[in-house]
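To start, the structure under review is shown below, and the notes come after it.
The values are calculated or read from the model by the stated rules, or taken from the named source; none is laboratory data. All values reported here derive from a predicted model rather than from experimental measurement. When we count neighbours, we look across all protein chains shown, and the Cβ atoms used for this are built from the backbone with ideal geometry, even at glycine. Heavy atoms of the whole protein, side chains included, go into the accessibility calculation; ligands, DNA and RNA do not. Shrake-Rupley method; radii C 1.70, N 1.55, O 1.52, S 1.80 Å.
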Amino acid sequence: MKVCLVTGGMGFIGCNFIRFLLETNEEIRIINVDKLTYAGNPENLKDIDKTYDFSYKFYKADICDFDFIDKLVRKETVNFIINFAAESHVDRSIDNPSICCDTNIFGAQTLLNVARKNKIEKFLQISTDEVYGSLGFEDPAFTEITSLSPNSPYSASKASADLLVRAYYKTFDLPINITRSSNNYGPYQFPEKLIPLMIHNALNDKPLPVYGEGINIRDWIHVKDNCEAILQVLNYGKIGEIYNIGGDSELQNIDLVKKILKILDKPDSLITFVKDRPGHDLRYAINHEKITNTLNWEPKISFDKGLELTIKWYLDNQNWLDNVISKEYLKYYEKLYGNR
Ligand code: NAD
Ligand code: TYD
């Protein structure tokens, strides 16, 4: 039986990945390490804790703590490390650029040191399409050889980590892969990100703050499709390679927000155009031919179906949504949107 250390497993993608892995693969033990920042929520895996006594274990810890992680990796005889842990929000990184450097850069490097020391079988870094920067409306989509050109403190920190991961492969022969996916959506996403924020505000008849003119384009992938791709890369990814993971669903923000309002039967008049994000990337688009052709993966969930499922999940789990909106989050929301 293999043992997989998942970092950031109480966050959005991490918790979906742990659920997915436990449901599909009986031959694996999962060790989840999470610092439980505002974005890490133990509620996300409450039922898993009880159901999978032997194959799942949680430790509250910081990935920057070398001694703790090093000891843990030996104690639990870890074979793989998958690093999801991050400060993942662009707006927070603009508000305070330092927050993402510790975890996203130093934390990743700490894990690389642990992986190297303990001869880990594979180190999988979960990265993002944002490291490539921004596209014009007519530009071809990002491939794995598009040069890195990050524009926000968040994407710059993720690009830095990618370069360190590459360097540990080239210099120390550390067996690595990197995945770069487009914008994920689905259950358990913290309502500071576009889709859950808009669902929450629409449900409460609050204004939906669309940045600028709402013309920016993102490619959206359902989190389950991303989890399948990550597992393919973990099992079959060629050592040293980077894989782009895309959803084939490019949408302008304004069109996406209107879709949410339509499904919830709420009026477009809730839309409020607010001051644009500084350095706002115009468009992301992913070319995922490499993973499709070499690892036989492609996205299965259409955006319309995925959005419907996601909205249904938030409707069925309004307690979850209300609980994560803490006092601290409300202060952040007021600070970010209050003067826009
Ligand atoms: P998230 O913010 O929902 O979760 C991040 C998790 O990391 C939280 O549980 C948090 O407590 C934990 N964490 C933060 N700092 C930590 C530290 N120092 N030590 C241990 N744990 C720590 O993020 P997400 O949306 O689930 O993203 C997961 C990963 O995927 C990130 O690396 C992100 O860059 C990448 N990614 C996200 C998206 C997206 O659309 N959400 C797209 C592409 C890539
Ligand atoms: P977000 O979910 O923050 O992801 P990212 O910035 O990593 O792509 O934002 C997605 C898009 O939605 C992005 O173009 C910014 C825009 N946006 C808004 O218009 N209003 C909002 O309140 C938020 C959070 C995002």
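Assess whether N32 counts as being open to solvent by less than 10 Å² (accessible area, probe 1.4 Å) and outside any loop (DSSP other than H, G, I, E, B). So N32 passes the test. Counting the residues of segment 49-66 that are within 22 Å of C227 (Cα to Cα) and either open to solvent by less than 50 Å² (accessible area, probe 1.4 Å) or of a type in the set (V, I, T) (or both) gives 5. The residue list P153, P175, P191 contains one member that is within 30 Å of I325 (Cβ to Cβ) and either surrounded by 22 or more Cβ atoms within 10 Å (Cβ to Cβ) or more than 10 Å from ligand 2 (Cβ to nearest atom) (or both), which is P153. Within segment 42-66, residues that are more than 16 Å from E23 (Cβ to Cβ) and assigned to a loop (DSSP other than H, G, I, E, B) have Cβ atoms under 8 Å from residues that are acidic (D, E) and open to solvent by 60 Å² or more (accessible area, probe 1.4 Å) in these pairs: C64/D102, counting only partners at least 6 apart in sequence or on another chain. Note on segment 97-122: among residues that are more than 15 Å from F66 (Cβ to Cβ) and within 14 Å of ligand 1 (Cβ to nearest atom), the one that is most open to solvent (accessible area, probe 1.4 Å) is S98. Each residue in segment 163-203 was checked for being in contact with a Lys or Arg (Cβ under 8 Å, 6 or more places away or on another chain) and closer than 20 Å to L148 by Cβ, and 7 of them qualify. For I291, indicate whether it is surrounded by 13 or more Cβ atoms within 10 Å (Cβ to Cβ), modelled with pLDDT of 95 or more and of a type in the set (A, V, I, L, M). So I291 fits the description; yes. Inside segment 211-243, can you point out the residues that are aromatic (F, W, Y) and open to solvent by 50 Å² or more (accessible area, probe 1.4 Å)? Correct list: Y236 only. The numbered conditions (1) of a type in the set (A, V, I, L, M); (2) more than 25 Å from N118 (Cβ to Cβ); (3) within 16 Å of ligand 2 (Cβ to nearest atom) are all true for I13 except (2).
Here is a yes/no grid of residues against (1) open to solvent by less than 60 Å² (accessible area, probe 1.4 Å); (2) at pLDDT 95 or above; (3) of a type outside the set (D, E); (4) within 16 Å of ligand 2 (Cβ to nearest atom):
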site	(1), (2), (3), (4)
V6	yes, yes, yes, no
Y38	no, no, yes, yes
D47	no, no, no, no
F68	no, yes, yes, no
